[in-house]
Every structure is written in structure tokens, then in C-alpha cells.
Amino acid sequence: MPGVNITRDDFLQDRQGRTFADVLNDPEQPFADVLEFFNDEARQRRMEESELHHDRPALAGVVRELETQPSIDSFLSSQHPQRTKRLRQAVGVVVRMIMERLGWKKTGKKGSLGVRAKVAPRTALPGAYHNTGGLAFWFLRAERYERRDGVSYPSVRARARKFEGPPSPRSSANSAAGG
């Protein structure tokens, strides 16, 4: 499936995107770089593969590369935590818009991207809200998606439930004999 392209106008016309007009219109925010990053067909494929083959949030497929973009890393490491939170939330909206256009829908669940560093509540120090472990440095959680057409691979948990049927006669005899 060919990639999709999200423009500034698309973002502003989106029901959630329009609530982030402050991010879009702030010249210090690297939002144009965010759009350019996500409007890449290969990255969009990795986002789909992250959900489909790796059972991880779509953002997990590209988050390390996203976080190493110089303008994005610089902004997230140097600005007030509230401003960086708004950008990170706007990234989530862009991911949702792309995934929906690629035939996916939100599950209503979040998947982990990292383990947050211990920070005192309401800390205003730039760069304080980062992760100490996991896949991402700046992003903590991301939305999970499922195919709108229902085509997917079953989870390991679902396969295990199906696989674990009644015990076989041989294993019952062994456990009764103590071995």
C-alpha cells in the first residue's frame, strides 16, 4: 500500500489536530520536521510492521529514529516540560492520522515505550522528563492499533490459550506416578 501524506492543513482539519494549533503555529516547535519525518513511506511501513509483526505500538517502529532527528531532540531536551508534552502529544495525533489512513483503528490501549526517570512532581527543568530504560528516550507510551479489516496475527497469549487444551493421558499418568 502506498504511503500517505499529512499536511499542515490536514492536521488543522483533524478533530484532535486542531487542538494543537499552538504547536503547529509556534515557530520554535519542530512540527514541520515531524510532518516531514512521518510522511515517509518506509517509516510508515515500519509503523505497520511494529503493530503487525512485533506486537508493539506503531510509534515503536520509528521512535528511536524520530528522537535522533537534531531539531526534535534539541527541542525535547531544551524546552519547558509542558511545551515538550504538547509536541509529543501532537506526534501521537500525526501517528493516529497516518495509521487510520492506512486502514488501522485505535484499540483504546497504550503500549509502553520506556521507563520514566524519577522526577519530582511539577518539575520545570528542561529535559527532566526522559526515560532511563526501554525503547524510547522521550516518549513514555503510545496508542495501540488494530487492522480495521480484522486481519492480524493472534497474540502469543491467545495462541497459548488455544494450544493449552485438556492434559494428554500420558502427562496425567506421569504426574500420578510422581514423574
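The values are calculated or read from the model by the stated rules, or taken from the named source; none is laboratory data. Nothing here was measured: the structure is a model prediction, and the numbers come from that model. Methodologically, a virtual Cβ is constructed for each residue, glycine included, from the backbone with ideal geometry; neighbour enumeration extends over all protein chains shown. We work out accessible area using only protein heavy atoms, side chains counted, and drop any ligands, DNA or RNA first. Shrake-Rupley method; radii C 1.70, N 1.55, O 1.52, S 1.80 Å.
Quick rundown of the values:
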quantity	calculated
Residues (in a loop (DSSP other than H, G, I, E, B) and without any contact (Cβ under 8 Å) to a residue 40 or more places away in the chain) located in region 116-129	A117, K118, V119, A120, P121, R122
Top-ranked residue of region 140-166 - restricted to ones that are farther than 30 Å from K85 by Cβ and among the aromatic types (F, W, Y), ranked as surrounded by the most Cβ atoms within 10 Å (Cβ to Cβ)	Y153
Scope region 80-97; condition more than 16 Å from R18 (Cα to Cα) and open to solvent by less than 40 Å² (accessible area, probe 1.4 Å); matching residues	P81, T84
Pairs, first surrounded by 12 or more Cβ atoms within 10 Å (Cβ to Cβ) in region 13-27, second small (G, A, S) and assigned to a helix (DSSP H, G or I), C-beta under 8 Å, six or more apart	G17/A90; F20/A90; V23/A90; L24/G17; L24/A90
Extreme residue, nearest to the chain's Cα centre (by Cα), among residues of region 39-70 that are of a type in the set (S, T, N, Q) and open to solvent by less than 40 Å² (accessible area, probe 1.4 Å)	S50
